[in-house]
1. In segment 10-48, how many residues are crowded, with 20+ Cβ neighbours inside 10 Å and assigned to a strand (DSSP E or B)?
2. Which strands (runs of 3 or more DSSP E) sit wholly inside segment 213-302 and have at least 2 residues that are within 16 Å of ligand 2 (Cβ to nearest atom) and out of contact with any helix residue (DSSP H, G or I) (no Cβ under 6 Å at 6 or more places or on another chain)?
3. Could you please find all residues in segment 464-508 being out of contact with any helix residue (DSSP H, G or I) (no Cβ under 8 Å at 6 or more places or on another chain) and modelled with pLDDT of 90 or more?
4. Tell me the residue from 161, 188 that is over 30 Å from residue 78 (Cβ atoms), in contact with a strand residue (DSSP E or B) (Cβ under 8 Å, 6 or more places away or on another chain) and not assigned by TED's automatic domain parsing to the domain that holds residue 272, please.
5. Determine, yes or no, whether residue 145 is assigned to a loop (DSSP other than H, G, I, E, B), modelled with pLDDT under 90 and away from ligand 3 (no atom under 16 Å from the Cβ).
6. Which condition breaks for residue 226 when tested against (1) over 30 Å from residue 60 (Cβ atoms); (2) surrounded by 15 or more Cβ atoms within 10 Å (Cβ to Cβ); (3) more than 16 Å from ligand 3 (Cβ to nearest atom)?
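The values are calculated or read from the model by the stated rules, or taken from the named source; none is laboratory data. Computed from a predicted structure; not experimentally measured. We place every Cβ from the backbone using ideal geometry, glycine too, and count neighbours over all the protein chains shown.
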Ligand SMILES: [Zn+2]
Ligand SMILES: [Zn+2]
Ligand SMILES: [Zn+2]
Ligand SMILES: [Zn+2]
């Protein structure tokens, strides 16, 4: 794990076998298509192994988890501001990138990739091994760092006016009610001893001071700030980890254009994942603030001349899988008689068996016939073009599919007509069963009762469509059965369960089922409302002179 690869001085033997591999591939493609695999020969070949440099560039970037603690707390390195924290963390990246543990963690990520990182899409990876704490200590904004703020109730004086004496310090004497004298028992007046005849005494609540202690700050003139836990400070905490941002780049600067084109056709990433190239990962190094993981890919490219039945086919082959990059459509002239047979078949059923036999000599045409017996033309086209790359031209594949399609319709015409008749009989039976039994009345009554009388007609249409669908499927089913008999056993694959198209008989079924359905509806014992309406309209027309 995470060790660099050993790069051999010479490319291994497999690089020089790609022409042979391509010849085998070509042999498999032409085999059974009017040619035999062993007829494909390697006339000439010349292989060059290109060394392609590439590298993954990895940069570390900080991520922060922020928090707040009240008071002055210890939490890593103390800095002045958040900007300073970000700057300090970013400044740590070039050093972190040289850290062995960081490098091992990143190389292990690359090792999980099929190409050990070659061609990887840009990715981010959170690093477990890098952690650092920072903090910024701020004054509390509520108390401005004073840990307390002046009491607003007493305006910071610690006292409030005495309510008892309205801040006068004196109160009416309770003994003489302010008169200064009291009535004696004999009816005369005597001076008040309590207030010495003044009528007023000192306020008992404030002792004459005129103010009392503030109840809010308890006379302390200020209130402790609970926001900052009475410290006057806040600690902003920053828990930093690095994440890696990596991107792969191939060094194309010195590469010739045609080599670049071949790489693009094979796919930069696919060089590794599809094993077109032999990939070596070299020793990582650090460059400025980046970790650079260099690669070297060995990609063999061959100039080949194949010889098939004495004809020469120059071709290009690339990659360890021996992929043929360009060749003339070898099979076009070979399968031409088969396509001609399909063309003749599409014109009518004359000599059908001989023509089918002629077309079925070719594996690709058997595949097309089999495909079209179960699938759409588009699906068959996709299958054939991917299975026979380059060796059959697009024009020939399209012609083969077109004529095979018409041929299938032509040779299954009789069975499709049988299917149309049979399906129509089944549909008519279904219609009769509906209109000559209480089912339709019951349905109409039920729908009417629900207040949806106008939908009764829609229900009847649905009955017609069901019959049509039965007929359409019967046509296709009969055609499928006929093709199974006509085409060679190998063509009709048991795993394919689709049915051939219904052709024009499918369209005809629309008309024939409509007639059967309408007849059943008109002759029903209990005619549907829409039939009665139609009869009434017809009656009115006939009745009017
Ligand atoms: Zn505070
Ligand atoms: Zn106060
Ligand atoms: Zn008094
Ligand atoms: Zn008072």
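1. So the count comes out to 2.
2. 222-224
3. 465, 469, 507
4. Working: 188 fails: in contact with a strand residue (DSSP E or B) (Cβ under 8 Å, 6 or more places away or on another chain).
Checking each option against the conditions leaves just 161.
5. yes
6. Status for residue 226: all satisfied but (2).
Here is a yes/no grid of residues against (1) within 31 Å of the chain's Cα centre (by Cα); (2) surrounded by 14 or more Cβ atoms within 10 Å (Cβ to Cβ); (3) over 25 Å from residue 322 (Cα atoms):
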| residue | (1), (2), (3) |
| --- | --- |
| 239 | no, yes, yes |
| 247 | yes, no, yes |
| 256 | no, no, no |
| 266 | yes, yes, no |
| 279 | yes, yes, no |
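This table checks each residue for (1) touching a helix residue (DSSP H, G or I) at 6+ places or on another chain (Cβ under 8 Å); (2) at pLDDT 90 or above; (3) under 30 Å from residue 228 (Cβ atoms).
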{"site": "89", "(1), (2), (3)": "no, yes, yes"}
{"site": "114", "(1), (2), (3)": "yes, no, no"}
{"site": "117", "(1), (2), (3)": "yes, yes, no"}
{"site": "124", "(1), (2), (3)": "no, yes, no"}
{"site": "138", "(1), (2), (3)": "no, yes, yes"}
